[in-house]
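J.: Take this structure, written in structure tokens, and hold onto it; I'll ask about it next.
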Amino acid sequence: MNEKAETWVESPQPEPVTLEESSLTSAPQRQEDAQKQQLETKMAAAPMRVLVTGGSGLVGKAIEHVVLQEGGKLEGEEWIFLSSKDADLTNLEQTKAAFEKHRPTHVIHLAAKVGGLYLHMRENLHFLRDNLKINDNVLQTAHEMGVTKVVSCLSSCIFPDKTTYPIDETMIHDGLPHDSNFGYSHAKRMIDVQNRAYFQQYGHHYTAVIPTNVFGPHDNFNIENGHVLSALMNKTYRAKKDGTPLTVCGSGAPRRQFIYSLDLGRLIVWVLREYEEISPVILTVGKDDEVSIKDAVDMIAAALDFGGEIQYDTSMSDGQMKKTASNAKLRRYRPDFTFTPLKEAVKMTCDWFTANYDIART
Ligand code: NAP
Ligand code: GFB
């Protein structure tokens, strides 16, 4: 990664509250303050030392931003963001060495072999083997090192392909996943099985979150291996620069729920602090916020001011046509949470990409 400083594109922040307005603090606000006070007292008791595996990736960087720039870090806490350069987690010895070095009390486990549809279709075996090794090394080492809590990251593509919608957390093991990403999906499903086994045998508090398609600053914008939004942002940027048509893979009809990485980062920090279940929770926007790939293409074209021709290459796979997930469980816990509107988040990510083109993963 070259040294050029990164340019963050900030979403408009709410005006700071002035003294006299604080007297207008509503009852729910006072209750929230009280809860925060309680939390800080609990955390102050034994400040967490949080190890974030996969801390250099899309989701890891978002959590780092929330922790360092949005006051997500409480007094006395230590947060360590690992990359594969610090330790190759497919290797048990390197995994143990990293845990020995940092002695975490809590772990957010994000590290994984990750990629878009077309990389999965080419490398299902590598996705299966690498992720099985990484997950077993991290969870077993966490167990041996007496880690209090682990939050791992699954994905909505792991759910059965032939199912009823919207999908919910109880359906993880109810049938085969989509054929395009079976390697990754089975490896990720095993984390849920491992969490239940560590709880049953040792009472460990290892849980997991299930995001849908994530995007944002620091994504993998590589055109062959990246996910749909990041790959299309790069393609559109280049088509505009070169004055060539934009080629979208597939028909544009498949539908997806996209969650902005910063929103996911805020929710994962909340899960680490307050979510007590072993069973996973889906973290995503409402099912009515699902959009078609074509809708997403139009948003990116508008954000990058691309007016050129858009072609759909239907010889390329559409992958799963839909994987609509319910966020009802999340909403029971967090009826208050506000997601960044998709159009605004796409614009901010495109602005981040153009401002950081030469340091971005392309
Ligand atoms: P990403 O941007 O590709 O980052 C992957 C991270 O894992 C990087 O920090 C990478 O380190 C690290 N890593 C990869 N292989 C490793 C290895 N062998 N040893 C140690 N570290 C390794 O991925 P992401 O999108 O942030 O994904 C984070 C988590 O979210 C993953 O568990 C993924 O399955 C899950 N998820 C992602 C999406 C999505 O749409 N992106 C959706 C649902 C769930 P380097 O930087 O050194 O390569
Ligand atoms: O994000 P994506 O690669 O993966 O999106 P999935 C694929 C959808 O976008 C397909 C269309 O319908 C593609 O036809 N698409 C159009 C493109 N143009 C492009 C392009 O240039 N690049 C890409 N990549 N897609 C993944 C799972 O499924 O979802 C992963 O394979 C992970 O495991 C991720 O769970 C969240 O949404 O189909």
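The values are calculated or read from the model by the stated rules, or taken from the named source; none is laboratory data. Since we're looking at a predicted model, the values are computed, not measured. Every residue, glycine as well, gets a Cβ built from its backbone with ideal geometry; the counts of neighbours run over all protein chains shown. Heads up: the accessible areas ignore ligands, DNA and RNA and are worked out on the full protein's heavy atoms, side chains in. Shrake-Rupley method; radii C 1.70, N 1.55, O 1.52, S 1.80 Å.
J.: Return only the number of the condition from (1) of a type outside the set (Gly, Ala, Ser); (2) surrounded by 15 or more Cβ atoms within 10 Å (Cβ to Cβ); (3) out of contact with any His (no Cβ under 8 Å at 6 or more places or on another chain) that Gln320 does not satisfy.
T.: Going through (1) of a type outside the set (Gly, Ala, Ser); (2) surrounded by 15 or more Cβ atoms within 10 Å (Cβ to Cβ); (3) out of contact with any His (no Cβ under 8 Å at 6 or more places or on another chain) one by one, Gln320 breaks only (3).
Every residue, every condition in (1) farther than 21 Å from Gly265 by Cα; (2) surrounded by fewer than 17 Cβ atoms within 10 Å (Cβ to Cβ); (3) of a type outside the set (Asp, Glu), yes or no:
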residue: Phe306; (1), (2), (3): yes, no, yes
residue: Glu309; (1), (2), (3): yes, yes, no
residue: Ala325; (1), (2), (3): no, no, yes
residue: Lys329; (1), (2), (3): no, no, yes
residue: Asp336; (1), (2), (3): no, yes, no
residue: Phe339; (1), (2), (3): no, no, yes
residue: Glu344; (1), (2), (3): no, yes, no
residue: Thr349; (1), (2), (3): no, no, yes
residue: Phe353; (1), (2), (3): no, no, yes
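J.: Now for a different question. Please go through the stretch 72-126 and pick out each residue that is near ligand 1 (Cβ under 9 Å from one of its atoms), touching a strand residue (DSSP E or B) at 6+ places or on another chain (Cβ under 7 Å) and either of a type in the set (Lys, Arg) or open to solvent by less than 20 Å² (accessible area, probe 1.4 Å) (or both).
T.: Hits for the stretch 72-126 are Leu82, Leu89, His109, Ala111.
J.: Among the candidates Leu229, Leu272, which residue alone is touching a residue at least 12 places away in the same chain (Cβ under 8 Å), more than 15 Å from ligand 2 (Cβ to nearest atom) and either in a helix (DSSP H, G or I) or open to solvent by less than 20 Å² (accessible area, probe 1.4 Å) (or both)?
T.: Working: Leu229 fails: more than 15 Å from ligand 2 (Cβ to nearest atom).
Exactly one residue qualifies, and that residue is Leu272.
J.: Could I ask something else about it? Condition check: more than 20 Å from Pro160 (Cα to Cα) and assigned to a loop (DSSP other than H, G, I, E, B). Does Asp318 satisfy that? Give the derivation first.
T.: Details: more than 20 Å from Pro160 (Cα to Cα): no; assigned to a loop (DSSP other than H, G, I, E, B): yes.
Judged against the criteria, Asp318 is not a match.
J.: Say we look at the stretch 232-249 and pick out the residues that are surrounded by fewer than 18 Cβ atoms within 10 Å (Cβ to Cβ) and in contact (Cβ under 8 Å) with a residue 24 or more places away in the chain; which of these is nearest to Cys157 (Cα to Cα)? Steps first, please.
T.: Filtering the stretch 232-249 down to residues surrounded by fewer than 18 Cβ atoms within 10 Å (Cβ to Cβ) leaves 238, 240-245, 247.
With in contact (Cβ under 8 Å) with a residue 24 or more places away in the chain added as a condition, the list becomes 240, 243-245, 247.
Details: Lys240: 32, Gly243: 35, Thr244: 33, Pro245: 30, Thr247: 24 Å.
The residue in question is Thr247.
J.: May I ask you to list pairs of residues, at least six apart or on different chains, whose Cβ atoms are under 7 Å apart, with the first in the stretch 145-159 being of a type in the set (S, T, N, Q) and the second being open to solvent by 20 Å² or more (accessible area, probe 1.4 Å)?
T.: From the stretch 145-159, the pairs are Thr148/Thr105; Thr148/His106; Thr148/His205; Ser156/Lys323.
J.: Go through (1) more than 9 Å from ligand 1 (Cβ to nearest atom); (2) surrounded by 17 or more Cβ atoms within 10 Å (Cβ to Cβ) one by one and return the number of the condition Phe199 breaks.
T.: Among (1) more than 9 Å from ligand 1 (Cβ to nearest atom); (2) surrounded by 17 or more Cβ atoms within 10 Å (Cβ to Cβ), Phe199 violates only (2).
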